[in-house]
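The values are calculated or read from the model by the stated rules, or taken from the named source; none is laboratory data. What you are looking at is a predicted structure, and each value in this text was computed from that prediction instead of being measured. No Cβ is skipped: glycine too gets one built from the backbone with ideal geometry, and neighbour counts run over all protein chains shown. Ligands, DNA and RNA are stripped out before the accessible areas are found, and what is left, the full protein with its side chains, is counted by its heavy atoms. Shrake-Rupley method; radii C 1.70, N 1.55, O 1.52, S 1.80 Å.
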Amino acid sequence: MALRASGTFFFALALAFTSTLPARGTVYEVGDALPFPTIGSVPWESLEPGDTVRIHHRAADYHEKWVLCRRGTASQPIVIQGVPSSSGVLPVI
């Protein structure tokens, strides 16, 4: 798990991707047959504190790169969360 903190900026990015923080902002669901079919289709430039991006497991690995240029806060981080399959397999990015 990678955790980067700078001032009031908290951003958690990990392929273990588990979080118990309640969603306070917009939730972006990424995966096959979901509102955002690819990681790149998420409006990264528009994320706000408290937003959550949930990347769902799928049969094919995600072969994508993205840049997060937004900041969360200590109390409302921007969370990137992996969602496992029904058998517990996490997405591969």
Could you pull the accessible area for His57 with a 1.4 Å probe, rounded to 10 Å²? 70
Can you check how the C-alpha radius of gyration of the range 23-85 compares to 2.2 N^0.38 Å, as a plain ratio? 1.09
Report the label-to-label distance for Val92 and Leu68 in nanometres (one decimal), using points 7 Å from each Cα along the Cα→Cβ vector. 2.3
